[in-house]
Ligand code: HEC
Ligand code: HEC
């Protein structure tokens, strides 16, 4: 027992020593790892997310993230002796669902072999504490992470009545002021083709939204649903429901990929927006979306959105005594039921439950 333990220790030491020089570029591995961040985290006290935290994943072995509930398929593979080595992790990352059918890691995989090796080398360097060893890059990072001065020590600003805060810098305003309007106001210069968008989408979006925008598991569906808006269960997608292309661009640039928002370049957002149009049958595969042709693209459901005129309506501007009873000649008609919309959880009995809103 002791012997095998010390042998194992020796092996770990040997691996660590052999692992380090194999890294071509930590920064590259770390950058490639960004595509995993929507589901995984790394770092001191990294929490589990949709996937387990990956601190020291090699040393702790498969299934070793505390408090993370792995899928049954994954646990079975561990029981059958699965181990993380360069080779096995390479195979897993190539196509997780082939390596462990029914794993919860519904991710198409990393196709490029070198990319996989960079990622694996990076994962190897991350210790159980979530820290990288003291490489040059890490030292540089540390410098940036100087502790901030305590609020109590900060100088009290002279301006304003409350002497709070400071005037925002132009860069700060620019970073925050990123909304894009339907008429194209706010669009950055740039362009992207459906073809380029395919790459952006497959590497950064398909893991959750599915290769064809069909949505993996319970992640949102991004394509299809045409002519379903009047159905009992409308399928609301960009193509079937959203009013303006500017909403798609703004949303993706602001919030996606989930967990790694604002990581795409403007051209990548143009490209992936073009690809989403393609998935929704709005453009051909050779289409290129640019800041110039952007507003010429109209989404099919735009006409069904109307301007909010409530403030100008007679009842709010004129009627000082709003009608509260019998205001309509005809009886009210129920047009939709919360139960059908799936808003209200099912009860044992549908009848007579005060919690069920009809
Ligand atoms: C869509 C979410 C998602 C993405 C994206 C994703 N993973 Fe995972 N990953 C998971 C889930 C969920 C599991 C747990 C698998 C199970 O329980 O079946 C997992 C498991 C793992 C494991 C095994 C962990 C352990 O404790 O043994 C490794 C290693 C891993 N992922 C690496 C990666 C890498 C590297 C990437 C990026 C190239 C990545 N994953 C991208 C969701 C994801
Ligand atoms: C880790 C999973 C994940 C990844 C990767 C991801 N998304 Fe999402 N996406 C989500 C989730 C979750 C939502 C819903 C968020 C919400 O409603 O707050 C969403 C919502 C969306 C929506 C709005 C859908 C709707 O009808 O409301 C769009 C559009 C979208 N994502 C595009 C993208 C694009 C483009 C990418 C790649 C650049 C991407 N997503 C990557 C998880 C992901």
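The values are calculated or read from the model by the stated rules, or taken from the named source; none is laboratory data. What you see is a predicted model, and the numbers here were worked out from it, not measured in a lab. With ideal geometry, Cβ positions are generated from the backbone for all residues, glycine too; neighbour counts draw on all protein chains shown.
Overview of results
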read-out	value
Residue ranges of helices (runs of 4 or more DSSP H) in the stretch 243-325 with at least 2 members under 18 Å from residue 181 (Cα atoms) and within 24 Å of the chain's Cα centre (by Cα)	245-255, 266-279
Every residue from the stretch 95-122 that is surrounded by fewer than 20 Cβ atoms within 10 Å (Cβ to Cβ), within 10 Å of ligand 1 (Cβ to nearest atom) and under 30 Å from residue 133 (Cα atoms)	109, 115
All positions within the stretch 185-195 that are surrounded by fewer than 19 Cβ atoms within 10 Å (Cβ to Cβ) and either within 12 Å of ligand 2 (Cβ to nearest atom) or within 14 Å of residue 270 (Cα to Cα) (or both)	186, 188, 189, 190, 191, 195
In the stretch 72-103, the residues that are within 16 Å of ligand 2 (Cβ to nearest atom) and farther than 18 Å from residue 40 by Cα	none
All positions within the stretch 84-94 that are assigned to a loop (DSSP other than H, G, I, E, B) and within 10 Å of ligand 1 (Cβ to nearest atom)	84
Yes/no for residue 203 being closer than 30 Å to residue 42 by Cα, in the same structural domain as residue 286 (by TED's automatic domain parsing) and surrounded by fewer than 16 Cβ atoms within 10 Å (Cβ to Cβ)	no
Some residue of the stretch 222-233 being within 24 Å of residue 38 (Cα to Cα) and within 16 Å of ligand 1 (Cβ to nearest atom)	yes
Of residues in the stretch 124-144 being modelled with pLDDT of 75 or more and out of contact with any helix residue (DSSP H, G or I) (no Cβ under 9 Å at 6 or more places or on another chain), the one surrounded by the most Cβ atoms within 10 Å (Cβ to Cβ)	130
Test set (1) at pLDDT below 90; (2) closer than 18 Å to residue 107 by Cα - residue 73 fails condition number	(1)
Hey, residue 184 touching a residue at least 60 places away in the same chain (Cβ under 8 Å) and closer than 14 Å to residue 249 by Cα or not	yes
Options 224, 239: the member that is within 15 Å of ligand 2 (Cβ to nearest atom), assigned to a loop (DSSP other than H, G, I, E, B) and crowded, with 20+ Cβ neighbours inside 10 Å	239
